[in-house]
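Peer 1: One structure follows; several queries about it will come next.
Bear in mind that the values in this text are calculations on the coordinates, not laboratory data. Every value quoted in this text rests on a predicted model; they were computed, and no experiment measured them. FYI the Cβ positions are ideal-geometry reconstructions off the backbone, even for glycines, and counts take in every protein chain you see.
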Amino acid sequence: MEAYPDRLAAILGAVKALAAEYYALTGKPLGVTGEVAEYAAASLLDLQLVPPRTEGYDAVRNVDGVTQKIQIKGRAISRPTKPGQRIGTIKLDADCDIVMLVLLETATLDPVEIWEAAMADVRYLLTATDSKSRARGSLAITTFRTRARKVWPSKAEG
C-alpha cells in the first residue's frame, strides 16, 4: 500500500464506482467489499496492511509499543440497517488481537462507521450460545456491536 498510495486510491475509487453500478443493475455485490474495507480502515486509522494471505489477520498497528494484529471485516449496508445483517466468518483460532468491522454504504461503498472489539470478546460472543450461525463464526452486526466500540468517525468528527 505504501509504495503507490495515490494509484491505489484511484484504482479503488474506480472499483467502488463499478461495484456500485453492478449492484444497482443486478442487485448482487461484485465481491470487492473486503478489499475496500481493508483499504478504508488502513487509510482512516493509520493501520499497516500485511501481505495478502497472512494467516489470521489483515493489518497491524502499534499501541504503546505493542503490536496489535487486526482482522478486518467489511459489510455493505443499506440505511437504515436491516435487522439480522451478518458479518463474514470470523475464525475462532485466528491469531489476532482485534476484530474490526468496517460498515460501507451499499450504494457507494464509502465507509459509514468502523467498530472494533477485542478478539477475546468476539470469541465469547461466538461461543456464548448454541446458534448454528455462530458455530460457523458468523455474528449479527448488532451482536458484534454489544462488545465493540465505534472508532470512526470519532465523536469529534461526527
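Peer 1: Let me know the volume per residue of the alpha-carbon convex hull for the range 59-143, in Å³.
Peer 2: So the per-residue hull volume is 95 Å³.
Peer 1: Skipping prolines and chain starts, which residues have an amide H placed within reach, meaning under 5 Å, of the one on Glu113, given they are 5 or more residues away or on another chain?
Peer 2: Here Leu103 satisfy the definition.
Peer 1: Hey, quick one: spin label on Leu18, modelled 7 Å out along Cα-Cβ, who in the range 81-109 has an amide N within reach, i.e. under 20 Å?
Peer 2: Only 105-109 fall inside the zone, counting backbone N under 20 Å.
Peer 1: On to the next question. Modelling each spin label as a point 7 Å along the Cα-to-Cβ direction, I'd like the Thr129/Thr26 distance in nm, to one decimal.
Peer 2: 3.3
Peer 1: I would also like to ask the following. Given the DSSP H assignment, sum -39500 (n - 2.57) over each helix run of at least 4 residues in the chain and divide by its residue total; what's the result at 222 nm in deg cm²/dmol, nearest 500?
Peer 2: That calculation yields -10500 deg cm²/dmol at 222 nm.
Peer 1: Moving on. Placing unit charges on C-beta atoms (Lys and Arg positive, Asp and Glu negative, everything else neutral), compute the dipole magnitude of the chain about its Cα centre in debye, rounded to 20.
Peer 2: 740
Peer 1: Next question. Just grab the label-to-label distance for Arg136 and Ser78, each label 7 Å out from Cα along the Cβ direction, in nm (one decimal).
Peer 2: If labels sit at Arg136 and Ser78, their model points lie 2.1 nm apart.
Peer 1: Taking +1 at the Cβ of each Lys and Arg and -1 at the Cβ of each Asp and Glu, which of Ala19, Ala41, Ile77 sits farthest along the dipole of the chain towards its positive end, judged by Cα position relative to the Cα centre?
Peer 2: Projecting each Cα onto the dipole axis, the largest value belongs to Ile77.
Peer 1: Using each residue's phi in the range 105-112, evaluate 6.51 cos²θ - 1.76 cosθ + 1.60 at θ = phi - 60° and report the 3J(HN,Hα) Karplus result to the nearest Hz, with x for Gly and Pro.
Peer 2: With coefficients 6.51, -1.76 and 1.60, one gets 5, 4, 5, 10, 6, 7, x, 10 Hz.
Peer 1: Report the full-extension gain for the segment Glu105 to Glu35: residue separation times 0.36 nm, less the Cα-Cα distance, to one decimal in nm.
Peer 2: 23.8 nm
Peer 1: Kirkwood-based Rg over Rh for the chain (C-alpha set), two decimals?
Peer 2: 0.96
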